[in-house]
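Visitor: Before I ask anything, let me first share the structure, which is written out below as structure tokens.
The values are calculated or read from the model by the stated rules, or taken from the named source; none is laboratory data. Worth saying up front: this structure is predicted, and the values here are computed from it rather than measured. Neighbour counts run over all protein chains shown; Cβ positions are idealised from the backbone, glycine included.
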Amino acid sequence: MYEKLDKLREEVRRCEKRVADAQNRLKTAQEKLKDSEASQILSDVGAMKLTPEELAKVLALVKSGQLGNGAVQDKETKSDSHYDYGVKKDEAMTDEIAEDEETKEVNADEDY
């Protein structure tokens, strides 16, 4: 007599289970995304090779809007700031070039 109600209740239970499973998958995916974003941020910051003090100043400039996304910057920020990303990047590139030249010299010595 109540077969239709029983079927509907069972369907509701199945739907609730699917929703709960989907919510668990969503939560897991969100956690993975957050972890990956944090890892990428740490990697990017580490690649800049800044001291904690320099990093704090760069972040303060970014937060205040004085330091743009790298493509658009005003002239005052570029010339007045010792912590401009471009300046540090150029210094880091100079260091990398010097290290590469030293490595080439060492490798050349090893060949003989």
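Visitor: Is there a residue being among the acidic types (Asp, Glu) and modelled with pLDDT under 95 anywhere in the stretch 35-43?
Guide: No, the stretch 35-43 has no match at all.
Visitor: Specify the residue that is surrounded by the most Cβ atoms within 10 Å (Cβ to Cβ); the eligible residues are those in the stretch 1-51 that are without any contact (Cβ under 8 Å) to a residue 40 or more places away in the chain and not in a helix (DSSP H, G or I).
Guide: Leu50
Visitor: Moving on. Within the stretch 52-66, how many residues turn out to be surrounded by 10 or more Cβ atoms within 10 Å (Cβ to Cβ) and free of Cβ contacts under 8 Å to residues at least 24 places away in the same chain?
Guide: Counting residues in the stretch 52-66 that are surrounded by 10 or more Cβ atoms within 10 Å (Cβ to Cβ) and free of Cβ contacts under 8 Å to residues at least 24 places away in the same chain gives 7.
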